[in-house]
Amino acid sequence: MIKEDLLKLSNDSKKELEGVYDIKQLNELKIKIFGKTGLLTTFSKAMRDVPVDEKPVIGAIINEIRKELEDKISEKEKYFKEKELNDKLEKEKVDITEPSKNNELGAIHPIASVTDKLIDICVSLGFSVVEGPEVETDYYNFEAMNIPKNHPSRDMQDTFFITENTLLRSQTSAVQAREMEKRKPPFKIICPGKTYRNESDSTHSPIFHQLEGLVVDEKISMADLKTMLTIIMKRLYGDETIIRFRPSFFPFTEPSIEVDVSCPNCHGKGCSICKGIGMLELLGAGIVNPKVLEISGIDSKKYSGFAFGFGLDRTAMILNSINNIKYLYKNDIRFLKQMQ
Ligand code: PHE
């Protein structure tokens, strides 16, 4: 009797197992068969009443059924686990090659962009790029540039002093003396960087940027300076640009000039960018004052040089039609987006 019951249990369980469609049902079936009060457990308990001579046979059948059902269940378990993992992978699949919908790109800041442009132009003309400190000594910023203490020309620049002899450099010209002390002519250098002056209005910011150029060699003349600046300006603003040189004064250059270009916005007709003048004042320059060469240990009888100093903020404003310098420093996202 018990034999038939066992076979029925085995067949019924196998049938039921085939109909199981998820891990929850499988676990329920496992308990139904192997649990404390499960079907097979009940049979094992009933072994007590089986006559001794039948015990080995029935015992063997129970073990065989147990093994068979256990194998089938673990096979199903494995199948469900794999299926669960595959379903999960399928659901969570990410296409890493799909372009993102929300890709906000940054933009190069207008000052960085014009600095890069000017550096590229100057490097292509044979200049090397150098840098100097922003916290500078009075000596390099002024004295070595032929501006002694108490000289009235110091009033041209309202300087931030840190101590009596240290300051935030008011001009990249400070790098000229540093380089002339270090180098032997001939050399051609440019120095881009931050400069500081105590002034603030729509075209002046206490922190601003300059690019200094310095060439020292034998027989450098005003013609070389004018030619170099004409090439640089035309490459920056376009071939049709008109360039005007006006006499000026700087203690470190003699003679000194200021350079204007025709407004790239209205081409000289007059507009809001050039305030109706048609021309824009862009930089100071000149033939290096022989005194400056001598202060830095260069023989002014053998060598001469020219220097120029670009205002980079102004250049960035002109090239991007920006009418207030404050926009360059406000970090207003709406402004920066327009620069993209
Ligand atoms: N350093 C001058 C300024 O800041 C510009 C300049 C540089 C002029 C080099 C002549 C030569 O105004």
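The values are calculated or read from the model by the stated rules, or taken from the named source; none is laboratory data. Treat the numbers as computed from the prediction; the structure is a model and nothing was measured. Glycine gets a Cβ as well: all are built from the backbone with ideal geometry, and neighbour counts include every protein chain shown. The area values use the complete protein model at the heavy-atom level, side chains included, leaving out ligands, DNA and RNA. Shrake-Rupley method; radii C 1.70, N 1.55, O 1.52, S 1.80 Å.
Some notes on this structure:
- Ile73, sole failed condition from (1) closer than 30 Å to Thr41 by Cα; (2) under 43 Å from the mean Cα position of the chain (by Cα): (2)
- Of all the residues in the stretch 179-200, those that are of a type outside the set (Val, Ile, Thr) and open to solvent by less than 70 Å² (accessible area, probe 1.4 Å) number 11.
- The set of residues in the stretch 228-258 being closer than 19 Å to Ile119 by Cα and within 16 Å of the ligand (Cβ to nearest atom) consists of Met228, Leu229, Ile232, Met233.
Residue by residue, here is whether (1) in contact with a Ser or Thr (Cβ under 6 Å, 6 or more places away or on another chain); (2) part of a loop (DSSP other than H, G, I, E, B) holds:
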site	(1), (2)
Thr230	no, no
Thr241	yes, yes
Pro247	no, no
Asp260	no, no
Lys275	no, yes
Leu282	no, no
Lys301	no, yes
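Condition check ((1) open to solvent by less than 80 Å² (accessible area, probe 1.4 Å); (2) modelled with pLDDT of 85 or more) across all residues:
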site	(1), (2)
Lys3	no, no
Asn11	no, yes
Ile23	yes, yes
Asn27	yes, yes
Lys36	no, yes
Thr41	yes, no
Met47	yes, no
Glu54	no, no
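- For the stretch 164-217, a residue qualifies if it is within 12 Å of the ligand (Cβ to nearest atom) and among the hydroxyl-bearing types (Ser, Thr, Tyr), and the qualifying residues are Ser170, Thr172, Ser173, Thr195, Tyr196.
- Considering the stretch 142-162, and only residues there that are near the ligand (Cβ under 10 Å from one of its atoms) and not in a loop (DSSP other than H, G, I, E, B), the residue that is farthest from Ser296 (Cα to Cα) turns out to be Met156.
- Of the listed requirements (1) assigned to a helix (DSSP H, G or I); (2) touching a residue at least 24 places away in the same chain (Cβ under 8 Å); (3) of a type outside the set (Gly, Ala, Ser), Asn323 misses just one: (1).
- In the stretch 213-227, the residues that are farther than 11 Å from Ile287 by Cα and small (Gly, Ala, Ser) form Cβ pairs under 8 Å with partners that are within 13 Å of the ligand (Cβ to nearest atom) and part of a helix (DSSP H, G or I), at six or more places apart or across chains, as follows: Gly213/Met228.
- Selection within the stretch 163-178 - assigned to a loop (DSSP other than H, G, I, E, B) and either open to solvent by 10 Å² or more (accessible area, probe 1.4 Å) or not assigned by TED's automatic domain parsing to the domain that holds Arg314 (or both): Thr163, Glu164, Asn165
- Each residue in the stretch 215-259 was checked for being open to solvent by 70 Å² or more (accessible area, probe 1.4 Å) and polar (S, T, N, Q), and 1 of them qualify.
- A Cβ distance below 8 Å, combined with a sequence gap of six or more or placement on separate chains, defines the contacts here; from the stretch 108-135, residues that are open to solvent by less than 50 Å² (accessible area, probe 1.4 Å) reach residues that are outside any helix (DSSP H, G or I) and small (Gly, Ala, Ser) in the pairs Cys122/Gly213; Phe127/Gly213; Gly132/Gly193.
- Subset of the stretch 259-293 that is more than 38 Å from the chain's Cα centre (by Cα) and among the basic types (Lys, Arg) - its residue that is nearest to the ligand (Cβ to nearest atom): Lys291
- Matching residues, the stretch 201-228, being part of a strand (DSSP E or B) and at pLDDT 95 or above: Ile207, Phe208, His209, Gln210, Leu211, Glu212, Gly213, Leu214, Val215, Val216, Asp217
- Unique residue being under 16 Å from Gly311 (Cα atoms) and in contact with a helix residue (DSSP H, G or I) (Cβ under 9 Å, 6 or more places away or on another chain) when the list is Phe142, Phe250, Phe187: Phe250
- Screening Lys149 against (1) in contact with an Asp or Glu (Cβ under 9 Å, 6 or more places away or on another chain); (2) of a type outside the set (A, V, I, L, M); (3) within 27 Å of Tyr329 (Cα to Cα) leaves a single unmet condition, (3).
- When we screen Glu258, Glu240 for residues that are touching a strand residue (DSSP E or B) at 6+ places or on another chain (Cβ under 9 Å) and over 30 Å from Pro186 (Cα atoms), the only hit is Glu240.
- Any chance Glu294 is touching a Lys or Arg at 6+ places or on another chain (Cβ under 8 Å), in the same structural domain as Ser321 (by TED's automatic domain parsing) and open to solvent by 30 Å² or more (accessible area, probe 1.4 Å): no
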